Amino acid sequence: MKKTRNMLVLALLIILFFIVYFTFWWKDPYEEIKLDSPAYLYGDHFNQTTRLTLEGNYNRDDHNFQGSLTIGDNIRLDHVILLHGALLISYEGSERTSVGPVFFDHEQVRISIEITDPGLYKLLTSKSYDGKSKLVISSPATTADEARAITENLMQIKTIFDK
């Protein structure tokens, strides 16, 4: 009888522990991100205002964003993964495309992407990518100076690779 009572008390303590843990200490690692703002596309031979939409979830444990990215009215990448200081990767089915280096601040929801994918470069500029020309999109920004300042600021943020 005493053994049964001790088991019941232990079970209740374990249940109480889980209730307290999930109520006060456990935090969902996912943060919903929604950015819909002006963006500025600039490069060696290109300057243009556009719109950038980023929708998805930022995983605070893995330090990455997964969701969709829209540039302007006609370019939509439905499945992207980005990691600050690394690459923005786009998936279409099993096909993987590296869009280019990305710098992302999930707290202030700012982003800067260097476009190195030849297909996307051509869609955005109507010119072939020569492998050398620089093309960057930064948001939120409406001028080249704002866009460059955002890019520079984001590049100063430590990455998970920095010690």
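The values are calculated or read from the model by the stated rules, or taken from the named source; none is laboratory data. Every value quoted in this text rests on a predicted model; they were computed, and no experiment measured them. Because the Cβ atoms are built from the backbone with ideal geometry, glycine has one as well, and the counts that use them run over all protein chains shown. Heavy atoms of the whole protein, side chains included, go into the accessibility calculation; ligands, DNA and RNA do not. Shrake-Rupley method; radii C 1.70, N 1.55, O 1.52, S 1.80 Å.
Compared with the dominant Cα axis of the chain, that is its longest principal axis, helix 2-20 is turned about 20°.
Comparing Ala11, Ala149, Ala39 in a Gaussian network model of the chain where C-alpha atoms under 10 Å apart are linked, the largest mean-square fluctuation is found at Ala11. Taking a 26 Å limit on the Cα-Cα distance, which of the listed pairs Lys34/Lys158; Lys122/Lys158; Lys127/Lys158 fall beyond it? Over 26 Å Cα-Cα: Lys122/Lys158; Lys127/Lys158.
When the chain is described by a simple charge dipole with +1 on each Lys and Arg Cβ and -1 on each Asp and Glu Cβ, the residue from Ala149, Leu41, Leu83 located farthest towards its positive end is Leu83. Between the Cα long axis of helix 144-156 and the first principal axis of the chain there is an angle of about 40°, rounded to the nearest 10.
Extending 7 Å from the Cα toward the beta-carbon at both Glu55 and Leu8 defines two label points whose distance is 5.3 nm. Averaged per residue, the chain has 64 square angstrom of accessible surface, using a 1.4 angstrom probe with ligands and nucleic acids left out. This model, with +1 at the C-beta of Lys and Arg and -1 at the C-beta of Asp and Glu, gives the chain a dipole about its Cα centre of some 780 debye. For the range 1-156, the fraction of C-alpha pairs farther apart than 21 angstrom is 52 percent.
Inter-label distance, Tyr30 to Gln48: 3.4 nm, where each label sits 7 Å from its Cα along the C-beta direction. Helix-only mean residue ellipticity at 222 nm, the chain, DSSP H runs n ≥ 4 weighted -39,500 (n - 2.57), per residue, nearest 500. What is it? Per the formula, -8000 deg cm²/dmol. With a simple spin-label model that places each label point 7 Å from the Cα along the Cα-to-Cβ direction, the separation between Ile19 and Ser126 comes to 6.7 nm.
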